[in-house]
Amino acid sequence: MSKRPVGTISASLPMPALHRRDILALGAGALAASYGFGARAQTTKAAPPPPAKPTGQVVVGLSQEPTAFNPLMPGIEVDETVWMQVFNTMWVADPQGNLIADLAAEVPTEANGGISEGGLAWKVKLREGVTWHDGTPFTAEDVKYTLELINAPGFKSRTRVGHALVKDIVVKGPHEISWRMEKAYSPYLALLSNTYIVPKHLLEKASDPNTAPFNGAPVGTGPFKWGQRTPGDNIMLVANEKYHGKGPYLERAVLKYVPDQVALYAQFRTGQVDLIIGTGIPANFYAEAVKLPGRKVVKIPNASLEILMPNLEHPVLAEKAVRQALYASINKQAIIDVIFYGLHKPTESFAPQESWAYNPNLPKQEYDLAKANKILDDAGWKRSGSGTRMKNGVPLEFAVSTTTGSSLREQCQQLMMQDWQQVGVSMKIANMPAAVIWGDFYTRSKFQSLLVGTAFRTVIDPDPASRFASDAIPAKNGNGANQMQWQNAEVDQLLKAGQETFDQAKRKAIYWKLQEIARDELPILPIYQYVPVEGYKEGLVGYEPNINARQNTWNMGSWYWAR
């Protein structure tokens, strides 16, 4: 267990460089084999029982700083390391995708009568005996206030997707609430597993909930209470000894912010942090990390994909044949095996391979420059004197953008540029700082194409409507995240059908068809599904990766140190 004071520590490690000649010199899988990748065999033994009262602390290393503490307002994934400790949702998703009741007494279903009238009527029974950190009882009024605040005009809500369908909210008693939906929307169960309930008695007193004092010192019902924040360095949370669930078993949790991933890994290696989550251990240090004494290093499941996102309004990228040729000439296996040390999984789908909706029968991409050349020849793209193909006076050229300083992605760009050059495509690199690229440039589809990591589901539900529906294009005043600006009438119909039924077999058939269409039309060019690496000190009991949680501190209330 870490008992070191939390301070700012500077550390650096040599980072191996990869060059084009290295990529060409290695066959697919060669580098991975030479490094001996694979899970290290670890003996398992029964864990000792948890302590009778909270004791000790854990220092969690993060590469980004949490800064948004009202869980209903816009934030980034790392902010959830705070939200999921301080607050609770009505139910949570476990690693197998099961919904487990938390603030609710049971998860509503059609079978138990909690969902009726084909998904239009909802009724939730809540857990009794729950209190806010200030001692105030939790009731159905807090749930009603939360759902209404999300939709309140002027409130800067993180998302209104799904929530905007809720109407006629009725508190039937201190621990029972009901509402109606404007239309059946099956992903709402998943959305509520990521909707943190906030205290009515505190926020309703604020003249403006967007600027309430609560937003800087949150009060929740979770296993940990807000302690103190040292901006730029750490956040300390303290045990809530009146928590309604198991635990917490730790007296304190320190979220330590180290923006340089190499420096963060160095602190993990030397013991200043007990655990690295999120972006995890850099791929080029994995071979070393698995051999560190007193550390456990694990490859974890992740629902996000690395993709090339084309802007389908771009005159070149709008053509399906161009996208198909580009896809055929991406050396995906070299990217995975050489640049990312064999860690990630190639994929053809927008759905994570662990999902019940994943279609395993999609055609496998093959790196084939001859095929790419033929596709472009057949589509009328002729080679010019410069080597860049032309069609109707338009050159086959476009820019690929990603975050400045992302060295591994920059190596991917170089590899794609050289492969595409061989098939007559001129690719430019137009990288920019994160604060610029993920602003209007991304959200309003001002890019030509992006190398980006993202997920295509609604929390844990396989519904990708917010990414693929024609009415989800922000650049065309839509509400969603269809930044590639894909429009397909058949896809729109399938997305609607998938939302309106709660029958998993019917939904699975719908999403299989959606994956077939996306694989053919290539509104995104999937490269790999992430397999990040996290590490923790031996002796930490309870850490459990969860593909259905945005951060693997999802169950930190049950962590403790073996003694």
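The values are calculated or read from the model by the stated rules, or taken from the named source; none is laboratory data. This is a predicted model, so every value here is computed, not measured. In this analysis, Cβ positions are derived from the backbone assuming ideal geometry, glycine residues included, and neighbour counts consider all displayed protein chains.
Observations
- Scanning the range 415-441 for residues that are over 22 Å from Tyr327 (Cα atoms) and either among the hydrophobic types (A, V, I, L, M, F, W, C) or buried (at least 17 other Cβ atoms within 10 Å of the Cβ) (or both) turns up Met432, Ala434, Ala435, Val436, Ile437, Trp438, Phe441.
- Filtered by the rule that a residue be under 14 Å from Arg269 (Cβ atoms) and in contact (Cβ under 8 Å) with a residue 40 or more places away in the chain, the range 293-303 gives Gly294, Arg295, Lys296, Val297.
- Of all the listed residues (Gln515, Gln504), the sole one being in the same structural domain as Phe340 (by TED's automatic domain parsing), of a type outside the set (D, E, K, R) and buried (at least 17 other Cβ atoms within 10 Å of the Cβ) is Gln515.
- Of all residues in the range 75-93, those that are crowded, with 16+ Cβ neighbours inside 10 Å and charged (D, E, K, R) total 2.
- Selected residue (criterion: nearest to Gln324 (Cα to Cα)) from residues of the range 385-414 that are touching a residue at least 60 places away in the same chain (Cβ under 8 Å) and crowded, with 20+ Cβ neighbours inside 10 Å: Leu396
- Residue within the range 239-249 that is in contact with a Ser or Thr (Cβ under 7 Å, 6 or more places away or on another chain), more than 12 Å from Leu62 (Cα to Cα) and hydrophobic (A, V, I, L, M, F, W, C) present: no
- Flag for Glu354 being assigned to a loop (DSSP other than H, G, I, E, B) and farther than 25 Å from Ala549 by Cβ: no
- Criterion: surrounded by 17 or more Cβ atoms within 10 Å (Cβ to Cβ) and without any contact (Cβ under 8 Å) to a residue 40 or more places away in the chain - qualifying residue of Ala140, Ala212, Ala190: Ala140
- Residue check, Lys291 farther than 21 Å from Met417 by Cα, among the charged types (D, E, K, R) and under 20 Å from the mean Cα position of the chain (by Cα): no
- Residue selected from the range 369-384 under the condition outside any helix (DSSP H, G or I) and either among the hydrophobic types (A, V, I, L, M, F, W, C) or under 39 Å from the mean Cα position of the chain (by Cα) (or both), by the criterion surrounded by the most Cβ atoms within 10 Å (Cβ to Cβ): Trp381
- In the condition set (1) of a type in the set (S, T, N, Q); (2) closer than 30 Å to Arg550 by Cβ; (3) in contact (Cβ under 8 Å) with a residue 40 or more places away in the chain, Asn373 is compliant with all but (2).
- Among the criteria (1) touching a helix residue (DSSP H, G or I) at 6+ places or on another chain (Cβ under 6 Å); (2) at negative phi, the one Ser445 does not fulfil is (2).
- Residue within the range 526-539 that is of a type in the set (S, T, N, Q) and under 30 Å from Asn112 (Cα atoms) present: no
- Test: residue in the range 430-446 that is over 30 Å from Pro74 (Cβ atoms) and part of a strand (DSSP E or B): no
- Among the candidates Glu348, Glu313, Glu306, Glu366, the residue that is part of a strand (DSSP E or B) and in contact (Cβ under 8 Å) with a residue 12 or more places away in the chain is uniquely Glu306.
- Residue within the range 194-204 that is loosely packed, with under 15 Cβ neighbours inside 10 Å and of a type in the set (A, V, I, L, M, F, W, C) present: no
- Scanning the range 268-288 for residues being at pLDDT below 95, within 23 Å of the chain's Cα centre (by Cα) and not polar (S, T, N, Q) gives a total of 8.
- Taken together, the criteria exclude Ala455 from residues that are on the phi < 0 side of the Ramachandran plot and surrounded by fewer than 14 Cβ atoms within 10 Å (Cβ to Cβ).
- Whenever a residue of the range 460-484 is outside the structural domain of Lys508 (by TED's automatic domain parsing) and touching a residue at least 60 places away in the same chain (Cβ under 8 Å), it has no partner that is surrounded by fewer than 23 Cβ atoms within 10 Å (Cβ to Cβ) and assigned to a helix (DSSP H, G or I) lying with C-beta atoms less than 7 angstrom away and at least six residues away or across chains.
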